[in-house]
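Q: The structure under discussion is supplied below as structure tokens; questions concerning it will follow.
The values are calculated or read from the model by the stated rules, or taken from the named source; none is laboratory data. Quantities reported herein were computed from a predicted structural model and do not represent experimental measurements. Using ideal geometry, Cβ is built from the backbone for each residue, glycine included, and neighbour counts are taken over all protein chains shown.
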């Protein structure tokens with residue numbers, strides 16, 4: 001981010017690394033600068049579900065996909081007021097920042113659990 005940038009951002013389109021770690025770092029920095037009601041778009045979030053990337057010979061085979069970040073953000077949607085909505089389709093995820101005074105993102109910390117299916 002250029003020094004001296006003091007305004008809020010209305011829209012972010014993240015179509016960069018496509019890897020979890022880098023995308024999460026970008027989100028950490030830029031979501032804070034997003035104006036209330038602004039949108040953060042993550043492109044190509046589902047790459048890790050596509051066949052070429054599931055081949056052991058692919059260099060990204062062992063990389064964490066961006067779906068992990070989306071699951072974490074869904075946890076935040078359920079537990080605090082920073083995110084107003086998340087819309088996901090096959091090619092992108094659109095995260096809308098809340099109009100309310102937002103709390104810090106927790107990335108669903110402590111909220112994701114493996115739950116056994118109910119006995120039938």
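Q: Does residue 7 satisfy being modelled with pLDDT under 85, within 12 Å of the chain's Cα centre (by Cα) and either surrounded by fewer than 16 Cβ atoms within 10 Å (Cβ to Cβ) or closer than 21 Å to residue 106 by Cβ (or both)?
A: no
Q: OK, next. Of all residues in the stretch 1-56, which are in a helix (DSSP H, G or I) and either closer than 17 Å to residue 94 by Cβ or in contact (Cβ under 8 Å) with a residue 24 or more places away in the chain (or both)?
A: Across the stretch 1-56, the qualifying residues are 20, 21, 23, 24, 26, 27, 28, 29, 30, 31, 33, 47.
Q: Any idea which of 26, 57, 85 is surrounded by 11 or more Cβ atoms within 10 Å (Cβ to Cβ) and more than 11 Å from the chain's Cα centre (by Cα)?
A: Exactly one of 26, 57, 85 is surrounded by 11 or more Cβ atoms within 10 Å (Cβ to Cβ) and more than 11 Å from the chain's Cα centre (by Cα), namely 85.
Q: Take the residues in the stretch 61-89 that are part of a strand (DSSP E or B) and in contact with a helix residue (DSSP H, G or I) (Cβ under 6 Å, 6 or more places away or on another chain), then tell me which one is farthest from residue 45 (Cα to Cα).
A: Going through the stretch 61-89, the residues part of a strand (DSSP E or B) turn out to be 83-88.
Then keep just the ones that are in contact with a helix residue (DSSP H, G or I) (Cβ under 6 Å, 6 or more places away or on another chain); that gives 83, 86.
Values: 83: 18, 86: 13 Å.
This residue is 83.
Q: Within the bounds of the stretch 47-64, is there any residue that is modelled with pLDDT under 90 and touching a strand residue (DSSP E or B) at 6+ places or on another chain (Cβ under 8 Å)? Break it down stepwise before answering.
A: To start, the set of residues in the stretch 47-64 that are modelled with pLDDT under 90 comprises 47-64.
If we keep only those that are touching a strand residue (DSSP E or B) at 6+ places or on another chain (Cβ under 8 Å) as well, we get none.
No: the stretch 47-64 contains no residue that is modelled with pLDDT under 90 and touching a strand residue (DSSP E or B) at 6+ places or on another chain (Cβ under 8 Å).
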